[in-house]
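None of the figures in this text is laboratory data; all of them are computed from the coordinates on show. All values reported here derive from a predicted model rather than from experimental measurement. Please note: Cβ atoms are built from the backbone with ideal geometry, for glycine as well, and neighbour counts cover all protein chains shown.
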Amino acid sequence: MLIKSRQHFRAGFEPIASHIVMCGGDGVTSSDLQLFTCKYRPKPMYPFEPARP
C-alpha cells in the first residue's frame, strides 16, 4: 500500500499497520528544508534559526 501524505494517514492506519516506512521522493517540494538553497530570504528565518540578540 502507498499513501501520499506526511501525517494525516496515521490516525487511520497506524493502529492496523505492522510498520510504517517514511521516505522522501524526488520533486519540487520536500519536508527537509535543508535540501534547498535560498539566496534571498529574511535572516534569521523564524522558527528555523534563532533570533538575533
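Fully extended, how many nm does the chain gain between His8 and Glu49 (0.36 nm per residue separation, minus their Cα-Cα distance)? Mind showing how you got there, number by number?
Details: separation 41, 0.36 × 41 = 14.76 nm, distance 2.69 nm.
Value of the extension gain: 12.1 nm.
Treating only the Cβ of Lys, Arg, Asp and Glu as charged (+1, +1, -1, -1), what charge dipole size does the chain show about its Cα centre? Round to the nearest 20 debye. Intermediate values should be presented prior to the final figure.
Working: 7 positive and 4 negative charges, 59 e Å.
So the dipole magnitude of the chain works out to roughly 280 debye.
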